[in-house]
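Input: a single structure, listed below in structure tokens.
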Amino acid sequence: MQLDALIDGLPKAELHMHIEGSLEPAMMLALARRNGIDLPWADVESIQAAYRFRNLQDFLDLYYQGMNVLRTPEDFYDLTAAYLARARADGVRHVELFFDPQGHTSRGVPFDHVIEGLWQALTEAERDHGLSSHLILCFLRHLSEDDAFETLKEAEPYRDRFIGVGLDSSELGHPPTKFARVFARARDMGLKLCAHAGEEGPPDYVREALDVLGIDRLDHGNRAMEAPDLINRLAADGICLTVCPLSNLRLCVTDRLEDSPVAAMLEQGLRVTVNSDDPAYFGGGINDNLRAVARVLPLSADQVITLSRNSFLGSFLPEAEQTRHLAEIDRIAANLG
Ligand code: HPA
Ligand code: ZN
């Protein structure tokens, strides 16, 4: 199909991908073997069979269990290098990766094991393939704000290796306001601010993320579509939303792929992007997500091009870099006739 070829060929930035969520079952088994860790599953099929989620928490329970196989810098390197190879094959030119340090330090894995492994793979991808990247350190919202402060402190020696902070994990019952002080501190450090909001949580959580945390980018944001005042504000302020259609489907945020808010957000003039979230758990990478929504919503070629443009406009790349990528998209668009 022609739209699929366009999706494959367009340069794109992926802005919502948790590196721990890119851990494919085969690598989970290999790392368990390498590190002498017992898993409750013997093969790829039984791992995949466990990936049936009724909601976000069902997924998170498995996500934390899966990341338990990640122990050494080499593990984090292998994980990241494998994701970057797949992203490159999808035409991804720039990635802004979430990582969950508390998911590792809470198990006794030192922070520097995590960051050194990630960093080596990211540096090599840029050097060898021109694939640029930023890291975004996420706080786990089911833990306390004090715990987030401790994590930020631990990360301070590596300040130049991450561009921002994010907020993820169990949304309901953990509103953005819980993290007001640590986000203020991150802002003072010159960090960019992102937060998951409106995935399961109500529109008020999106309001808090904007008003109390002062976020630069909104992750998911589906439920903002319930509130006309939020739609108007997100559009007027050009806030980027990182929507993840296959994730939404697998976590029952939407009942059907056809209910993905991507088309409605485009129609309302929102700066929406399409992303994979946790590709190993939700059935595909960024192009799988784009192809799936393009087919069922459906999307036009112009809308697919807008998504690709939005991914760079919503990134934390310097303007000159954004302009360079946008020019390449313009050349592809012009050739479509
Ligand atoms: N939501 C919240 N936390 C997460 C997600 C998500 O989609 N993926 C990984 N951690
Ligand atoms: Zn996410």
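The values are calculated or read from the model by the stated rules, or taken from the named source; none is laboratory data. Just so we're clear, the structure is a prediction, and the values are computed from it rather than from any experiment. Glycine gets a Cβ as well: all are built from the backbone with ideal geometry, and neighbour counts include every protein chain shown. Heads up: the accessible areas ignore ligands, DNA and RNA and are worked out on the full protein's heavy atoms, side chains in. Shrake-Rupley method; radii C 1.70, N 1.55, O 1.52, S 1.80 Å.
What number of residues in the range 47-57 are part of a helix (DSSP H, G or I) and without any contact (Cβ under 8 Å) to a residue 24 or more places away in the chain?
Of the residues in the range 47-57, 4 are part of a helix (DSSP H, G or I) and without any contact (Cβ under 8 Å) to a residue 24 or more places away in the chain.
What residue, among those in the range 1-22 that are closer than 16 Å to G91 by Cβ and within 16 Å of ligand 2 (Cβ to nearest atom), is surrounded by the fewest Cβ atoms within 10 Å (Cβ to Cβ)?
M17
Check L257, L230, L249, L213 and return the single one that is in contact with a strand residue (DSSP E or B) (Cβ under 6 Å, 6 or more places away or on another chain) and of a type in the set (A, V, I, L, M).
L213
If I ask for residues that are of a type in the set (G, A, S) and under 20 Å from the mean Cα position of the chain (by Cα), which ones from the range 182-226 would you list?
Those that are of a type in the set (G, A, S) and under 20 Å from the mean Cα position of the chain (by Cα): A186, A195, A197, G198, G201, A209, G214, G221, A224.
I'd like to check something: does the range 303-326 contain any residue that is within 30 Å of E45 (Cα to Cα), of a type in the set (A, V, I, L, M, F, W, C) and in a helix (DSSP H, G or I)?
No, there is no match, as no residue in the range 303-326 is within 30 Å of E45 (Cα to Cα), of a type in the set (A, V, I, L, M, F, W, C) and in a helix (DSSP H, G or I).
State the number of residues belonging to the range 143-169 that are within 16 Å of ligand 2 (Cβ to nearest atom) and either surrounded by fewer than 17 Cβ atoms within 10 Å (Cβ to Cβ) or hydrophobic (A, V, I, L, M, F, W, C) (or both).
Residues meeting the conditions: 2.
Might you check whether a residue that is touching a His at 6+ places or on another chain (Cβ under 8 Å), more than 16 Å from ligand 2 (Cβ to nearest atom) and charged (D, E, K, R) occurs anywhere in the range 43-64?
Within the range 43-64, not a single residue is touching a His at 6+ places or on another chain (Cβ under 8 Å), more than 16 Å from ligand 2 (Cβ to nearest atom) and charged (D, E, K, R).
Do the conditions hold for L70, that is, is it closer than 17 Å to D277 by Cα, free of Cβ contacts under 8 Å to residues at least 60 places away in the same chain and more than 16 Å from ligand 2 (Cβ to nearest atom)?
no
Report whether or not T123 is of a type in the set (S, T, N, Q), buried (at least 16 other Cβ atoms within 10 Å of the Cβ) and modelled with pLDDT of 95 or more.
It is false that T123 is of a type in the set (S, T, N, Q), buried (at least 16 other Cβ atoms within 10 Å of the Cβ) and modelled with pLDDT of 95 or more.
Would you confirm whether or not the range 267-278 contains a residue that is assigned to a helix (DSSP H, G or I) and either among the small types (G, A, S) or in contact with a Phe, Trp or Tyr (Cβ under 8 Å, 6 or more places away or on another chain) (or both)?
No, the range 267-278 contains no residue that is assigned to a helix (DSSP H, G or I) and either among the small types (G, A, S) or in contact with a Phe, Trp or Tyr (Cβ under 8 Å, 6 or more places away or on another chain) (or both).
Please verify whether Y64 is within 20 Å of the chain's Cα centre (by Cα), surrounded by 14 or more Cβ atoms within 10 Å (Cβ to Cβ) and more than 27 Å from Q120 (Cβ to Cβ), treating the condition exactly as stated.
So Y64 fails the test.
Looking only at residues that are open to solvent by 50 Å² or more (accessible area, probe 1.4 Å) and over 27 Å from D288 (Cβ atoms) in the range 92-118, which one is nearest to ligand 2 (Cβ to nearest atom)?
S106
Step by step: first the residues of the range 216-259, then only those that are assigned to a loop (DSSP other than H, G, I, E, B) and open to solvent by less than 10 Å² (accessible area, probe 1.4 Å), then the one that is nearest to ligand 2 (Cβ to nearest atom). Which residue is that?
C244
Hey, among the residues in the range 170-201 that are open to solvent by 40 Å² or more (accessible area, probe 1.4 Å) and of a type in the set (D, E, K, R), which one's farthest from ligand 1 (Cβ to nearest atom)?
Across the range 170-201, the extreme among qualifying residues is D188.
Yes or no: V293 buried (at least 20 other Cβ atoms within 10 Å of the Cβ), in contact with a strand residue (DSSP E or B) (Cβ under 9 Å, 6 or more places away or on another chain) and not in a helix (DSSP H, G or I)?
no
Please go through the range 262-300 and pick out each residue that is touching a residue at least 40 places away in the same chain (Cβ under 8 Å) and of a type in the set (D, E).
Selection gives D277, D278, D288.
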